Amino acid sequence: MDDIVKQAMVKWPNVPHAYGWLGLDARGHWYLRDARAQALGGFASGAPGAKGSRIEHQKLIEFIQRNYQADEAGRWFFQNGPQRVFVELEVTPWIWRLAPDGAVSAHDGRPAAVREVFTDEAGRVFLRTDLGFGLVHTQDVPWVADAVEAGRWHPRPVVAADLAAREGYVSSPQAASAAG
């Protein structure tokens, strides 16, 4: 976490949390969701416009990613100064990128060591790593196939609807907060 963020948390300890305003999609892209986007539906709903606006500013993306973490309830958030901005997840809290040599990194560029490999009923590939659980970016599935064919990875089946509860993350902190 950035030092300036830590300082702001001490200076303003009682800033309310923000829900629904930030999303992470299945390709590792960040989205800002204003009130209009939120009114169109949930981040992962697939409703046109509900995702909001993709963040393109590289320094802002880097700031978000340096201050991205989970709380004890499995809700992922971006610590924006004194305010926690909870993240709506399209699929998982991590999106994995693979390289032809088998190296794995998170959507924020951090290297990760694979512990387990899974596939769901739609053929999507998920990895449990030393950083946590996430989805393999669709463009990188050929590298997964290479690892499976070489005998390095042995995917196990999972049911997509069970993943959040099984892996301990909350896909929609906004919906969870509204539910009580």
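Throughout, read-outs are computed from the coordinates displayed, never taken from laboratory work. Only a predicted model underlies this, so the values are computations on that prediction, with no experimental measurement involved. Methodologically, a virtual Cβ is constructed for each residue, glycine included, from the backbone with ideal geometry; neighbour enumeration extends over all protein chains shown.
Please give the calculated 222 nm ellipticity per residue for the chain, where each DSSP H segment of at least 4 residues contributes -39500 (n - 2.57) and the sum is spread over every residue; nearest 500 deg cm²/dmol?
The helix-only estimate for the chain comes to -6500 deg cm²/dmol at 222 nm.
Between residue 170 and residues 5 or more places away or on another chain, which pairs have amide H atoms under 5 Å apart, with H built 1.01 Å from N, and which residues are they?
75, 76
Taking 0.36 nm per residue of separation and subtracting the Cα-Cα distance, what length does fully extending residue 141 through residue 128 add?
3.1 nm
How long, wide and thick is the chain, going by the Cα atoms along their three principal axes, in whole angstroms, largest first?
Reported extents, whole Å, longest axis first: 53, 35, 30.
Roughly speaking, what is the stretch gain from residue 71 to residue 83, that is 0.36 nm per residue apart minus the C-alpha to C-alpha distance, in nm to one decimal?
3.0 nm
Sort largest first and round to whole Å: the equivalent ellipsoid semi-axes of the stretch 94-163, each the square root of five times a Cα gyration tensor eigenvalue.
17, 15, 11
Which FRET efficiency value, to the nearest 0.05, do you get for residue 18 and residue 103 by plugging their Cβ-Cβ distance into 1/(1 + (r/R0)^6) with R0 = 25 Å?
After rounding to 0.05, the efficiency reads 0.10.
Report the Cα centroid-to-centroid distance between the stretch 59-74 and the stretch 91-137 in angstrom, as an integer.
Here the two parts' Cα centres lie 17 Å apart.
Let's test the formula: R0 of 41 Å, r as the Cβ-Cβ distance of residue 54 and residue 113. What FRET efficiency results, to the nearest 0.05? Walk me through the intermediate numbers first.
Details: r = 30 Å, r/R0 = 0.72.
Working from the Cβ atoms, E equals 0.90.
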